[in-house]
Structure formats: structure tokens, C-alpha cells
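Remarks on the structure that follows.
The values are calculated or read from the model by the stated rules, or taken from the named source; none is laboratory data. Owing to the predicted nature of the structure, the values given are computational and were not obtained by experimental measurement. Backbone-built Cβ (ideal geometry, glycine too); neighbour counts: all protein chains shown.
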Amino acid sequence: MAGPTFTVPENKLSKHVVVIAYGDMRFHDPTNTKMANPAARQILVAKVAAEHPDAVQTNGDVPYKGSDAADYDVFRSETAVWREQQLRVYPAMGNHELSGGPEKAAQGVENWWNAFPDLRGRRWYSVALGKRIYLLQLDSDLPLTEGSAQMEWIKGQIAGLPRSVDYLMIGMHHPPVADIQTRIEVDHNPRPNEIALRDYLTKIQPTTHARILVTAGHIHNYERHVVGDVVYLVSGGGGAVPYQVERTPDDLYQDTDFPNFHYVKFELERNELKATMYRLADPAAATPVWQVKDSFAVKKK
């Protein structure tokens, strides 16, 4: 068993803790509108800052090309307001952090650590966000299967959760649960690596005192599923080129609006964690309009 990598004391947090979760921003040359929508990305950054959250939990693909340090320069420039407000930003490693082929993956990791120096030497980590919320930020580019170093660490973290923790919020890039596609972006369907984590969480949720929520990206859209009493979100609407989704009956979000540039706001109340998905109606509008498109609550055990 092991304690958290990082700890944020209760007295440093809001009375009602707020966590913003989203991902797939693809910070890159803002004149390139093929791989991302820079306008949507920048509007989302400003809106996240306006929420004044206690933590921002991102789920990967911060840069478009992680081996290119210039993409992180764009990230720093476009998120300057986050640093001005001293927001706590907790990223998870995505596949674009390592893009450019195996020979450039090491440079991608180095650039990620340069962008997030507190993480140097780590590709997964945990955060005790006060007494009631605990974050696990995972690396789905590395094994999550039984016996792997990362899985053994996850087991130790969950076994050692303080009794005060009501919500375990897991952030990762590749989704353990998603609408299974047969025609569109089929290579983004859940892989055995992440399915192994899903099966483990299904097994341990009944005997774990904290409710578990998983937020992933990779699919540039929004989905909500519940498997084994674990909530699984796909929140990949941070600015990357949108992906259409053929929704299956198990998806609790069935809205047909597209694209879904969005973020998810979690608010900690006395006996529940309230979640709201805010969708950017039109990135080209002179004044951004935000729509509440999904909301739900997870009650503590």
C-alpha cells in the first residue's frame, strides 16, 4: 500500500470542491484548423478558468504532436490564464503525447515532463484532493493488465484509500468502456489493455468504500456508461477534430447534437458528487453559448 503522490489540504479547497474534467485539446499551431478547432479550444480554456475549479483533470492529448516542443509552447500561451489563477492541473498521458513514432516517444515524454515539471519521473500518479476526493491519473500507453507495474500500483492505491474518501476519480486517455463502433473510428474501440482495468474495477467496486468514476478521452465526443456500478465517461471534446459516434443502447447519453466540444464539471455536495456536461453550442459565435446537455449525481456509499 502507498499514500498519494500529491496532497492538497482541505483548507486549500473550496467549501464545495469543484473538479473540471475534459481532454483531447491538441494544442498546436492555431492556424492549423484541420487537426483541431483552435477557436473551440481557446473558448474552453477561458471557460474552465472562469469556473475557478479546485482541480482540472485532463485525460490526454494535450499536444497534437508531443515530440514537438512548439506544441507545448502553444499550450503555455493559450493556457496562460490558468497559471495566472494558479489552477491545479493534473494531466494524464495520451497517445499524442508520444506521437512521432517509437524513436520520438522519449522526446515526447521529456516534453511532457518539461510542461508539467512536478510530474518528472512519473507517468502515473495520485492526488488526495482534500479528504473526500482522490484522483488517479493513469497512463494507458503502458500496460494496465494483471501483473503489470501500473496495475500493482493501482491495487496498492485503492487498498490504501483513507476511509474518508468518498469518490475515486480516475483519469486516463484510452476508454475502458465506450460505444462499440462498427463503421466509424473502429480503431478507437476499447482495447484489451483498458478492458482489463474495467474488469478489475467491476470486481472491486462492491467492496470499495469509495464510489469510482472514470473519465477517458481518445474519442472526440461525449458518452456516459455505467458498468458494475462504476461510472465511465468519454470526455474528448477539448478542441480536437470531432468524431461522430453511433450510440448504443447502453450509452446513457443519446443526444444527437454534433459536434460536442465540452467539459464536465463535478461539484462535491454533502452526500453526492454532482456532474454537469456543458456543451459549446457554436464555436464560431461572437459570444459563446453554453448548453447543459447532461447531468447526473453519484451518491456516496
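The residue that is farthest from VAL19 (Cα to Cα), among those in segment 77-104 that are of a type in the set (A, V, I, L, M) and more than 14 Å from the chain's Cα centre (by Cα), is LEU98. For segment 44-60, filtering for residues that are aliphatic (A, V, I, L, M) and buried (at least 21 other Cβ atoms within 10 Å of the Cβ) leaves 5. Whenever a residue of segment 144-158 is farther than 13 Å from PRO192 by Cβ, its partners that are of a type in the set (A, V, I, L, M, F, W, C) and surrounded by fewer than 13 Cβ atoms within 10 Å (Cβ to Cβ), lying with C-beta atoms within less than 7 angstrom and at least six residues away or across chains, give the pairs GLY156/MET1; GLY156/ALA2; GLN157/ALA2. Of the residues making up segment 250-291, those that are closer than 15 Å to LYS47 by Cβ and of a type outside the set (A, V, I, L, M, F, W, C) are ASN260, HIS262, TYR263, LYS265, THR276, TYR278, ARG279, ASP282, PRO283, THR287, PRO288, GLN291. Taking the condition in contact (Cβ under 8 Å) with a residue 40 or more places away in the chain and within 24 Å of ASP61 (Cβ to Cβ), does VAL186 pass? No; evaluated as a whole, the condition is false for this residue. Of the residues VAL45, VAL74, VAL127, VAL109, which is β-branched (Val, Ile, Thr), assigned to a strand (DSSP E or B) and at pLDDT 95 or above? Checking each option against the conditions leaves just VAL127. Those strands (runs of 3 or more DSSP E) of segment 216-301 in which at least 2 residues are aromatic (Phe, Trp, Tyr) and surrounded by 22 or more Cβ atoms within 10 Å (Cβ to Cβ), considering only elements entirely within it, cover 262-268. All conditions but one from (1) among the hydroxyl-bearing types (Ser, Thr, Tyr); (2) under 30 Å from PRO206 (Cα atoms); (3) assigned to a loop (DSSP other than H, G, I, E, B) apply to SER67; the one that does not is (2). Look at (1) part of a strand (DSSP E or B); (2) crowded, with 21+ Cβ neighbours inside 10 Å and you find that THR7 fails only one, number (2). Taking segment 284-299, which residues are within 21 Å of the chain's Cα centre (by Cα) and of a type outside the set (Ser, Thr, Tyr)? Those that are within 21 Å of the chain's Cα centre (by Cα) and of a type outside the set (Ser, Thr, Tyr): TRP290, GLN291, VAL292, LYS293, ASP294, PHE296, ALA297, VAL298, LYS299. With respect to the conditions (1) among the charged types (D, E, K, R); (2) in contact with a helix residue (DSSP H, G or I) (Cβ under 7 Å, 6 or more places away or on another chain); (3) more than 17 Å from ARG123 (Cα to Cα), ASP61 falls short on a single one, namely (3). Within segment 110-127, being in contact (Cβ under 8 Å) with a residue 40 or more places away in the chain and within 21 Å of ALA240 (Cβ to Cβ) holds for ASN111, TRP112, ALA115. Quick check on my filter: what residues within segment 1-59 are farther than 20 Å from LEU87 by Cα, out of contact with any Pro (no Cβ under 6 Å at 6 or more places or on another chain) and polar (S, T, N, Q)? Of everything in segment 1-59, those that are farther than 20 Å from LEU87 by Cα, out of contact with any Pro (no Cβ under 6 Å at 6 or more places or on another chain) and polar (S, T, N, Q) turn out to be THR31, ASN32, THR33.
Can you find a residue that is aliphatic (A, V, I, L, M) and within 20 Å of TYR222 (Cβ to Cβ) anywhere in segment 4-14? It would help to see each step written out before you state the result.
Of all residues in segment 4-14, those aliphatic (A, V, I, L, M) come to 8, 13.
Among the residues that remain, those that are also within 20 Å of TYR222 (Cβ to Cβ) are: none.
No: segment 4-14 contains no residue that is aliphatic (A, V, I, L, M) and within 20 Å of TYR222 (Cβ to Cβ).
Hey, could you check segment 131-184 for residues that are outside any loop (DSSP other than H, G, I, E, B) and β-branched (Val, Ile, Thr) and say which is surrounded by the most Cβ atoms within 10 Å (Cβ to Cβ)? Of everything passing the filter in segment 131-184, ILE170 is surrounded by the most Cβ atoms within 10 Å (Cβ to Cβ).
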